[in-house]
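Here the structure is laid out as structure tokens; the discussion comes afterwards.
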Amino acid sequence: DAGITQSPRHKVTETGTPVTLRCHQTENHRYMYWYRQDPGHGLRLIHYSYGVKDTDKGEVSDGYSVSRSKTEDFLLTLESATSSQTSVYFCAISAPLNPGQVITYEQYFGPGTRLTVT
Amino acid sequence: DAKTTQPPSMDCAEGRAANLPCNHSTISGNEYVYWYRQIHSQGPQYIIHGLKNNETNEMASLIITEDRKSSTLILPHATLRDTAVYYCIVYIIQGAQKLVFGQGTRLTINP
């Protein structure tokens, strides 16, 4: 599992409240990602990070912000939660495959956070 | 939008080989073909990847056509635990790997 944890695992919140989800990794990987998954759909990229304090937007970044002040933590914040942000949120890291050969990467995903905005 | 096309669902009998197709007709020369699967509501799990040669690992085999416009994931002896949604994704591996997931193929293994 590449040492990825997410917290909280479940959260129910009200519309308009701020929410922060945390992703923590133990292996000092450079790249970290936040995805969301809605029923019947594949995952969609929200934001990603390529180093401490280096982040960029993904496909569905509106309404979300991120921060990465330490290599091991990548935070996703919903400044003012809306019902459309009810979803399952997955964090991921990129880890190298076959070190020592031509390096390719795979993504390891965390267990997910189920967020409900009422 | 996803750059791949997969059938929405497939069935396979337990113990038989499951062959999952994927079309990626617009793939560029430096894009790899990756397969992930998602069991229930868990996070996706890496299965296998390739550039242009066929690949095999302990989980599956990947067959990529010579023109690289399509591929097939083969689970040689499917078990009930292989029931999952399988995603075929193409992307460049340098830098941030911003995966674009389609809807995948829901594979059901029947006893």
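Filter the cross-link list A:K53/B:K3; A:K53/B:K98; B:K52/B:K98 down to pairs whose alpha-carbon distance in this structure exceeds 27 Å. Before the final figure, lay out the partial values.
On the way: A:K53/B:K3 30 Å; A:K53/B:K98 18 Å; B:K52/B:K98 21 Å.
Violating the 27 Å Cα-Cα cut-off are A:K53/B:K3.
Please return the longest range in chain B lying between exposed loop sites, taking GluC sites (Glu not before Pro), DSSP loop only, at most 12 other beta-carbon atoms within 10 Å, and leaving the sites out.
No qualifying site falls inside B:1-57, the longest such stretch.
Magnitude of the Cβ-charge dipole of chain A, K/R +1 and D/E -1, about the Cα centre, nearest 20 debye?
It comes to approximately 140 debye.
Give the list, by residue number, of cysteines in the protein assembly as shown with no other Cys Cβ closer than 4.7 Å, or say none.
B:C12, each lacking another Cys Cβ under 4.7 Å.
Starting from the amide H of A:H47, placed 1.01 Å from N in the peptide plane, find each other amide H under 5 Å away whose residue is 5 or more places distant or on another chain.
Distant-sequence amide H within range of A:H47: A:W34, A:G58.
Let me see the pair-distance distribution of chain B: every alpha carbon pair, 5 Å bin width, integer percents in order.
2, 13, 24, 26, 20, 10, 4, 1, 0
Using each residue's phi in the range B:80-92, evaluate 6.51 cos²θ - 1.76 cosθ + 1.60 at θ = phi - 60° and report the 3J(HN,Hα) Karplus result to the nearest Hz, with x for Gly and Pro.
4, 6, 7, 5, 5, 9, 10, 10, 9, 9, 10, 6, 7
What are the ³J(HN,Hα) values, in whole Hz, obtained from phi via the Karplus relation 6.51 cos²θ - 1.76 cosθ + 1.60 with θ = phi - 60°, for each residue of the range A:14-28 in sequence order, with x given for Gly and Pro?
So the J values, rounded to whole Hz, are 9, 4, x, 8, x, 9, 10, 10, 10, 10, 10, 10, 10, 10, 6.
Under a point-charge model restricted to the Cβ atoms of Lys and Arg (+1) and Asp and Glu (-1), what is the dipole moment magnitude of the protein assembly as shown relative to its Cα centre, in debye to the nearest 20? Don't skip to the answer; put the middle values down first.
On the way: 20 positive and 21 negative charges, 41 e Å.
Rounded to the nearest 20 debye, it is 200 debye.
Less than 12 Å Cβ to Cβ from A:L97, Lys/Arg counted +1 and Asp/Glu -1: what total charge do the surrounding residues give?
Numbers: positive: none; negative: A:E106, B:E55.
In short, -2.
Read the figures in this text as sums done on the coordinates, not as results from a lab. Small disclaimer: the values here were computed from a predicted structure and weren't measured. All Cβ positions, glycine included, derive from the backbone under ideal geometry; neighbour counts span all protein chains shown.
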